[in-house]
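Before any comments, here is the structure.
The values are calculated or read from the model by the stated rules, or taken from the named source; none is laboratory data. Being a predicted model, the structure only gives us computed values, none of them experimental. Note: ideal-geometry Cβ built from the backbone for every residue, glycine included; neighbour counts use all protein chains shown. Calculation scope for accessible area: heavy atoms of the full protein, side chains included, ligands and nucleic acids excluded. Shrake-Rupley method; radii C 1.70, N 1.55, O 1.52, S 1.80 Å.
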Amino acid sequence: MLILHNMQISGNCYKVRLAARQLGIALQLKEYGLGSGLTRTPEFLAKNPIGRVPLLELEDGRCLAESGAILFYLAEGSALVPKDSWTRAKMLEWMFFEQYEHEPYVAVARRWLAFEPKEALEALEAKRHLVPEWHAKGNVALTVMEKHLAKNDWFAGAYSIADIALYGYTHSAAEGGFELSRYPAVSYWLKRVAAQPNHIPLSERW
Ligand SMILES: N[C@@H](CCC(=O)N[C@@H](CS)C(=O)NCC(=O)O)C(=O)O
């Protein structure tokens, strides 16, 4: 069986759990707690030198990092990846947008404002000056999404892994101090994603 090296609260890991569930792919989960240091052990770094989860481990021991790459690997050939090459490229465009323009601000604000363990308060204080920048840049990304979703139901044709990738941290953006009520089209899209067959919430244990 495929092993997902997982952190339950991570939106990046949630994307993979959600796609796998919707694709009917079984996963064995191995949990890495936030701040546990378990992603930086020599054993884990031998599997993923980047030292981060999600990490998908195949039965033959090959390992694949990066949530977007894992989504693409699991979903290729399914209805979650457009058949048409242009629409598939647009899907990838949104997934790269998610990683460069959205996740570094929307996810990072949530991570530090909602989840950093008490013992790391000093580290949070050192980052406090970055919060306005995370919010400003995260709101730029949400505005880009809002403009697209005002005219389209999905990011690339039909519901695809681009929607899953962007849902991961958008649906929990309030935990990072973002006001989703400012984005009505995004809010309707969140409801459409959550209404897809076999949707699971981030908190659901495998
Ligand atoms: N670009 C990566 C980001 C992965 C990432 O930042 N993972 C975090 C959890 S969300 C992590 O492993 N943190 C633990 C660590 O850095 O040691 C992806 O999309 O998978």
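Quick rundown of the values:
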item	result
Selection from the stretch 167-186 of residues that are in a helix (DSSP H, G or I), more than 17 Å from the chain's Cα centre (by Cα) and of a type in the set (Gly, Ala, Ser)	Ser181, Ala185
Gly176 surrounded by 15 or more Cβ atoms within 10 Å (Cβ to Cβ) and in contact with a Pro (Cβ under 6 Å, 6 or more places away or on another chain)	no
Residue in the stretch 13-20 that is open to solvent by 70 Å² or more (accessible area, probe 1.4 Å) and over 13 Å from Ile161 (Cα atoms) present	no
Gly138, sole failed condition from (1) surrounded by fewer than 23 Cβ atoms within 10 Å (Cβ to Cβ); (2) over 18 Å from Gly68 (Cα atoms)	(1)
Subset of the stretch 62-110 (residues that are over 20 Å from Tyr169 (Cβ atoms) and open to solvent by less than 60 Å² (accessible area, probe 1.4 Å))	Cys63, Leu64, Ser78, Val81, Pro82, Thr87, Ala89
Elements of type helices (runs of 4 or more DSSP H) contained in the stretch 64-149, each with 3 or more residues being touching a residue at least 12 places away in the same chain (Cβ under 8 Å), in the same structural domain as Phe44 (by TED's automatic domain parsing) and closer than 24 Å to Ser203 by Cα	67-75
Candidate set from the stretch 85-108 (those that are under 19 Å from Ser10 (Cβ atoms) and β-branched (Val, Ile, Thr)); member that is farthest from the ligand (Cβ to nearest atom)	Val106
Tally, over the stretch 187-206, of residues that are of a type in the set (A, V, I, L, M) and either in contact with a His (Cβ under 8 Å, 6 or more places away or on another chain) or outside any loop (DSSP other than H, G, I, E, B) (or both)	4
Qualifying residue in the stretch 61-84 (condition: touching a His at 6+ places or on another chain (Cβ under 8 Å) and either within 15 Å of the ligand (Cβ to nearest atom) or of a type in the set (Lys, Arg) (or both))	no
